[in-house]
1. Here is a list: B:138, B:159, B:73. Which entry is within 26 Å of residue A:89 (Cβ to Cβ), open to solvent by less than 60 Å² (accessible area, probe 1.4 Å) and in contact with a Gly (Cβ under 9 Å, 6 or more places away or on another chain)?
2. Determine the pairs where a residue that is not assigned by TED's automatic domain parsing to the domain that holds residue B:69 and near DNA strand D (Cβ under 9 Å from one of its atoms), located within region B:33-59, has a partner that is part of a loop (DSSP other than H, G, I, E, B) and of a type outside the set (A, V, I, L, M, F, W, C) with Cβ atoms under 8 Å apart, the partner being 6 or more residues away or on another chain.
3. Given the condition under 27 Å from residue A:207 (Cα atoms) and either within 14 Å of chain B (Cβ to nearest Cβ) or open to solvent by 10 Å² or more (accessible area, probe 1.4 Å) (or both), answer yes or no: does some residue in region A:83-94 qualify?
4. Could you check residue A:128 against (1) surrounded by fewer than 18 Cβ atoms within 10 Å (Cβ to Cβ); (2) of a type outside the set (Val, Ile, Thr); (3) away from chain B (no Cβ under 11 Å) and say which number it fails?
5. Which residues, counting only those in region B:67-85, are of a type in the set (A, V, I, L, M), within 12 Å of DNA strand D (Cβ to nearest atom) and modelled with pLDDT of 95 or more?
6. Taking the residues in region B:33-64 that are under 25 Å from residue B:149 (Cα atoms) and open to solvent by 50 Å² or more (accessible area, probe 1.4 Å) as candidates, determine which candidate is farthest from DNA strand C (Cβ to nearest atom).
7. Would you check if there is a residue in region A:105-125 being under 21 Å from residue A:41 (Cα atoms) and hydrophobic (A, V, I, L, M, F, W, C)?
8. Take the residues in region A:176-210 that are under 26 Å from residue A:77 (Cβ atoms) and either free of Cβ contacts under 8 Å to residues at least 24 places away in the same chain or of a type in the set (Lys, Arg) (or both); name whichever of them is surrounded by the most Cβ atoms within 10 Å (Cβ to Cβ).
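The values are calculated or read from the model by the stated rules, or taken from the named source; none is laboratory data. Given the structure is predicted, the values throughout are model-derived calculations rather than measurements. Virtual Cβ from ideal backbone geometry, glycine too; neighbours counted across all protein chains shown. What goes into the accessible areas is simple: the full protein's heavy atoms, side chains included, and nothing from ligands, DNA or RNA. Shrake-Rupley method; radii C 1.70, N 1.55, O 1.52, S 1.80 Å.
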Number of protein chains: 2
Amino acid sequence: MADRSRPRQAGDAQAPSAAVRHSLRDRVEASVREALLTGRFVPGRAVTLRGLAEELKVSPMPVREAVRALSAGHALEIRANGRIQVPTMTPSRLAELVRARVLLEPELAEAAAAHLGPREAAALAAIDDRIDASLDGGDAETYMRLNHSFHFTIYRAAGSEVLLPLVESLWLQFAPFMRTVYGRVGTSALIDHHKEAIEAVRARDAAALRKAVAADIRCGMDLLDIGLPDAVPSGPG
Amino acid sequence: MADRSRPRQAGDAQAPSAAVRHSLRDRVEASVREALLTGRFVPGRAVTLRGLAEELKVSPMPVREAVRALSAGHALEIRANGRIQVPTMTPSRLAELVRARVLLEPELAEAAAAHLGPREAAALAAIDDRIDASLDGGDAETYMRLNHSFHFTIYRAAGSEVLLPLVESLWLQFAPFMRTVYGRVGTSALIDHHKEAIEAVRARDAAALRKAVAADIRCGMDLLDIGLPDAVPSGPG
DNA sequence: GCCCACATTTTGTGATCACATTTTCATCAA
DNA sequence: TTGATGAAAATGTGATCACAAAATGTGGGC
């Protein structure tokens, strides 16, 4: 699905679990996760077992299990007729996603601060440089991949077994919609608080890191709120 | 798995999704969920596809998908050798579960308050009466089922699509361990804040409901903390 | 031109089989 | 008694097939 011939750089998306596992199922799940996180799977897109299987050159069997796992986290939706699709966004769902992100991610960032230092600050700065480049180039897909890497480079440092999976689930849910908004309003209007976050990591200031992450979430999701009314006809007026 | 011949009462556990679905996979998943939530599946217990299939009188196929879905939410654990088991508890994981519950559930309760009234307060009171009876009888399994019903009768009223599944995931994770603690210290030491919650629902007082739920969580989980050191030899000192 | 009926295709679900790996357990030697 | 060893059983993974339901496309009637 994705061309991996390019040399690995900081900020490249990777499977959340250990890399030693090489079951087809995990490979399929990783592919779909990345497709959702980078916006290649847009809301409403139909996902069929045989279609995905053919695309990934595997039998429908591992696809079934991967899709089932992703549906369990609401990253994919099983409709009443059994068909599978990327979930569509509604105003209330978006509001809830923002609420959940604001509750959980600053918590994770604050807990991560103790495990972050100059080395990680440099890595984050490298990712952020590539983010700026992708924004200038209008490359939404690369931007989304790097933005995910930026946040999860921080979050993973918290060593969380519970909160981190919850946050991953949230990202899988809002990312596809994020992509459609970028396609409509562009990525140039994007303002983030990555610089403040990097500075906070450098200073080992947990409170400042929490604040930067919280601000970053609000800014990013506000953009989605702006893009929502046009996307959902049944919006709240 | 469970005997359903008893007439349906308020507080009986039920599948989270619509009841009209009658695929074997959903039935299997519902069975395992209830087994986890009531503590019939204890931490460390091995779960095999063929074993579960035989127990539920289905082929291994629907079991595979159900287990995959539950593993995605960390309700079951896939070990490095591929075997499936109920996850074991660690002090850090328990602490995280408490943190996540305290963050999310009061939020859900506060949002639910607007949709709850005297009718729901009566239903909650009915469940709480049965809870008291189960505590007197020392029936931990019934207690856990009813306690789950009590909380989710409140939470479901919030009409949440995002937060509710997250909280369901948390319950599936701590419930099996909860059961082992009850088996060790008994259920008689249990103090909850259900009465305050019912009163808050009656008064349509969102802030009071949030407070009652938060207090209830802390009390219940503190008991687990007490039971933890004996359960996990590698505890924190 | 538009709508309904029917045949065809697509799709998810469940079952069964084959296979490699791991676990379990009986056997035997020290 | 203990530890190693090899056979046997158990287990997850992947593939293929059958089937029912739903979607899609097509032709005929108004």
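1. Numbers: B:138 fails: within 26 Å of residue A:89 (Cβ to Cβ); B:159 fails: in contact with a Gly (Cβ under 9 Å, 6 or more places away or on another chain).
B:73 is the lone residue from the list that is within 26 Å of residue A:89 (Cβ to Cβ), open to solvent by less than 60 Å² (accessible area, probe 1.4 Å) and in contact with a Gly (Cβ under 9 Å, 6 or more places away or on another chain).
2. Cβ pairs passing all conditions: none.
3. To start, the set of residues in region A:83-94 that are under 27 Å from residue A:207 (Cα atoms) comprises A:94.
Among the residues that remain, those that are also either within 14 Å of chain B (Cβ to nearest Cβ) or open to solvent by 10 Å² or more (accessible area, probe 1.4 Å) (or both) are: A:94.
The answer is yes; a qualifying residue exists.
4. (1)
5. B:67, B:76, B:78, B:84
6. Residue satisfying both the conditions and the ranking: B:40.
7. Looking only at region A:105-125, we keep the residues that are under 21 Å from residue A:41 (Cα atoms), and these are none.
No, every residue in region A:105-125 fails to be under 21 Å from residue A:41 (Cα atoms) and hydrophobic (A, V, I, L, M, F, W, C).
8. A:179
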